[in-house]
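Engineer: Sharing a structure here in structure tokens format.
The values are calculated or read from the model by the stated rules, or taken from the named source; none is laboratory data. Remember, predicted model here, so these are calculated numbers, not experimental data. Glycine also receives a Cβ, built like all others from the backbone with ideal geometry; neighbour counts cover every protein chain displayed.
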Amino acid sequence: MKKVSLFSLLASISLLAFTFKAADDKFTVDTEKSSIQWLAKKIGGQHDGTVKLREGSLTFAGNTLKGGSFTMDMTSIALSEPSQRLLDHLKSDDFFSVAKNSASRFIITKVAAAGKDQAYITGNLTIKGITNAVTFPATIKKQGSIVAAVAKGIRIDRTKFDIKFRSASFFSSIGNQAIEDEFELSINLVAKK
């Protein structure tokens, strides 16, 4: 009887050891230390600026990024060279329809390792209430209770989000007034446990 009880106890402990899974670690994005920059090009020039983060989080299993999301405050869109006229236009229905869509969101759906501190991130980007999948390379460094995630030059096709103003893909006679369909985002997230 004692052998059966001892065997049952050992079997139970072994089973628990195999089924125990360490809890994922959640890191909250520090919106003051994080930044998102944008760059849009047109024939003969370009415009760039920033947009602030409202919130975000990254989830890790050990040292591996597992998921996460962040929300951009579209009311905070700013230009490097101030121009109220251009800023108002970017917030209008021709571009981001900020009055109707005050936030844009990115949710990670897949992370594929690509070497030390490197990964390909795939996720759903929502702009103007329209969601499309986006994949880009990123550098992710986790040191203790702090994470830094950086992705530069992420190319986003604005026309997939119903931003067609001066797009040569839709207005063939636009000529030298065309604005490139793709704009770039550079993301620098700092998150803390």
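Engineer: For residues that are more than 25 Å from VAL29 (Cβ to Cβ), of a type in the set (Val, Ile, Thr) and modelled with pLDDT of 95 or more, tally how many sit in the range 149-188.
Structural biologist: Residues in the range 149-188 being more than 25 Å from VAL29 (Cβ to Cβ), of a type in the set (Val, Ile, Thr) and modelled with pLDDT of 95 or more: 2 in total.
Engineer: Can you find, within the range 113-144, the residue that is surrounded by the fewest Cβ atoms within 10 Å (Cβ to Cβ) among those that are in contact with a Phe, Trp or Tyr (Cβ under 8 Å, 6 or more places away or on another chain) and part of a loop (DSSP other than H, G, I, E, B)?
Structural biologist: ALA114
Engineer: Also, I was wondering about something else. Go through the range 1-104 and tell me which strands (runs of 3 or more DSSP E), entirely inside it, have 1 or more residues that are modelled with pLDDT under 95 and touching a Phe, Trp or Tyr at 6+ places or on another chain (Cβ under 6 Å). Working first, answer last.
Structural biologist: On the way: elements: 25-29, 35-42, 45-61, 64-79.
Correct list: 25-29.
Results for (1) of a type in the set (S, T, N, Q); (2) touching a residue at least 40 places away in the same chain (Cβ under 8 Å); (3) more than 18 Å from THR50 (Cβ to Cβ), shown as yes or no for each residue.
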residue	(1), (2), (3)
LEU125	no, no, no
ILE130	no, no, yes
ALA133	no, no, yes
ILE146	no, yes, yes
LYS152	no, no, no
ASP162	no, no, yes
ARG166	no, yes, yes
GLU180	no, yes, yes
PHE183	no, yes, no
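Engineer: If I filter the range 69-110 down to residues being within 12 Å of ILE163 (Cβ to Cβ) and among the hydroxyl-bearing types (Ser, Thr, Tyr), which single residue comes out as surrounded by the fewest Cβ atoms within 10 Å (Cβ to Cβ)?
Structural biologist: Applying the filter and picking the extreme gives SER92.
Engineer: Let me ask something else about it. Please enumerate the residues belonging to the range 157-185 that are polar (S, T, N, Q) and within 20 Å of LYS91 (Cα to Cα).
Structural biologist: Hits for the range 157-185 are THR159, SER167, GLN177.
Engineer: Of the residues ILE174, ILE107, only one is at negative phi and part of a helix (DSSP H, G or I); which?
Structural biologist: ILE174
Engineer: Oh, and also: Return yes or no: is ALA168 in a strand (DSSP E or B) and of a type in the set (A, V, I, L, M, F, W, C)?
Structural biologist: On the way: in a strand (DSSP E or B): no; of a type in the set (A, V, I, L, M, F, W, C): yes.
For ALA168, the condition - in a strand (DSSP E or B) and of a type in the set (A, V, I, L, M, F, W, C) - is not met.
Engineer: I want to confirm something. Restricting to the range 149-175 and keeping residues that are small (Gly, Ala, Ser) and touching an Asp or Glu at 6+ places or on another chain (Cβ under 6 Å), which single residue is surrounded by the most Cβ atoms within 10 Å (Cβ to Cβ)?
Structural biologist: SER167
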